[in-house]
Amino acid sequence: MYFSTGGAADGTGQAAAYEAGKLVGVVPTDTTHTAAYFERNLGEWDNKSGRDKIVFTHDNTTNGVGHRCKDIGKALAEAANAGPHVDGMTDVVDLDTNVFIGNLSFITGVAVTLDA
């Protein structure tokens, strides 16, 4: 699964890619933000284990149709189940090229925090 913040993916924290099996969970952090947590591989680049966090910025639909956490969780499940029908990596949210899986076009920002 691939995520890009829209910063041209040329520096730390501007893009991230994870195996679908590393998804730990999706939680709302407030009315306009949802976090997805991914388990890191031990020794990946700094010999530490932990979790990375992807925070999505979105509109506030809490009082209307419910928090966007459910929509994001469904889209991540769709991305996790995309293979073998997808050749290569699945773009989940790529703000560099405005590519969104499913109905995630409501996402306006992505922040990548390594070892959250």
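The values are calculated or read from the model by the stated rules, or taken from the named source; none is laboratory data. What you see is a predicted model; the values in this text were computed from it and never measured. Virtual Cβ from ideal backbone geometry, glycine too; neighbours counted across all protein chains shown.
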Quiz item: With respect to the numbered conditions (1) over 13 Å from the mean Cα position of the chain (by Cα); (2) among the small types (Gly, Ala, Ser); (3) modelled with pLDDT of 95 or more, which one is the sole condition not fulfilled by ALA36?
Solution: (1)
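Every residue, every condition in (1) at pLDDT 90 or above; (2) under 20 Å from ALA80 (Cβ atoms); (3) loosely packed, with under 15 Cβ neighbours inside 10 Å; (4) over 18 Å from the mean Cα position of the chain (by Cα), yes or no:
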site	(1), (2), (3), (4)
PRO28	yes, yes, no, no
THR32	yes, no, no, no
LEU42	no, no, yes, yes
ASN47	no, no, yes, yes
PHE56	yes, yes, no, no
ASP59	yes, no, yes, no
THR62	no, no, yes, yes
